[in-house]
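Rule-based calculations on the coordinates, nothing more; no lab input. Here the structure is a predicted model, which means the values were calculated and not measured. No Cβ is skipped: glycine too gets one built from the backbone with ideal geometry, and neighbour counts run over all protein chains shown.
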Amino acid sequence: AKKMERQLLREFSLFEFGDIKPSTSSDGLMKLEGIIQRANVKNCNNRIYPKTILVRENDKYQELIKDRRSLGCLDHPESSVVELSEVSHVITSTTWKGDDLIGEIEVLDTPKGLIASKLIERNIKLGISSRALGSTKRNSNGVDIVQEDLSLVAWDLVSSPSTVGAYLSPTIKESRDYKILTESNKLIL
C-alpha cells in the first residue's frame, strides 16, 4: 500500500451568527462565537473530516486552551507553526453541538488582532479556518477523506471559508459598538 504524504490542510468556513446574548467586556475586547469546524460533511475543498478524528484533535487542543496557548492568526500562514507576530486571537473554549464544533474566540489587541477588530466593526464578514497537518484518501465518490494522521495546528481568521457555515459573530464588544437585531435578539455586524 502506498503511504499517504502528510500535507498542510487548510479549511475555511464563515462564522455563522448564533443565538448569543451580547454582554459588555470590562476590558473592551471583542469576543466571537460560532461554528469553527463541521464533522462528517463535505466542505468546499472536497474534504470530509470524520468526527472521531476531530473529537480526538479537539480533546488534545483543550490543553492549549487551558494554558491560553490556543492562538490563531489573521489569514493562513504557509507554515505549520503559529508565528507570534501574526497572532490575532486566542480560542477560549470549544464545545460540540452534534457534528458542529462551536468555538469562542477572544480577539487580541495585537497588530493583527486590531486589524481583525476593525474589519468586523466595519461589517466585514470573517471566516474561520482550521490549519492542520495530515493526509487524505479519495473514496469511491471522489471525496477526500481526512485520515488518522491529522494533527491540528490552529484555527485562523480568514476571508473565505471552506467549511459551509463557519462564520463568527460578535458576542462581547464595548456597548457603544452594539447593533442589536431586536426581533431575534441576535448580535449582528
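Applied to the stretch 35-49, the Karplus parametrisation 6.51 cos²θ - 1.76 cosθ + 1.60 on θ = phi - 60° returns per-residue 3J(HN,Hα) values of 6, 9, 7, 10, 9, 6, 10, 5, 9, 5, 8, 6, 10, 10, 9 Hz, with x for Gly and Pro. Computed from the C-beta positions of SER151 and ARG122 and an R0 of 25 Å, the FRET efficiency is 0.10 to the nearest 0.05. Here's how it looks for VAL153: its modeled amide H is under 5 Å from those of ARG131, ALA132, LEU133, which are all 5 or more places away or on a different chain. In sequence order, the stretch 141-153 has phi-based couplings of 8, x, 9, 7, 9, 5, 9, 4, 7, 4, 9, 5, 9 Hz under the Karplus curve 6.51 cos²θ - 1.76 cosθ + 1.60, θ = phi - 60°, and Gly or Pro positions carry x.
Remark on the stretch 39-166: hydrodynamic radius 15.2 angstrom, per the Kirkwood mean of 1/r across alpha carbon pairs.
Taking every lysine pair in the stretch 36-144 that is 8 or more places apart or spans two chains, those with Cα atoms closer than 21 Å amount to 9. If the segment from ARG68 to LEU133 were pulled out straight at 0.36 nm per residue, it would be longer than the present Cα-Cα gap by 21.3 nm.
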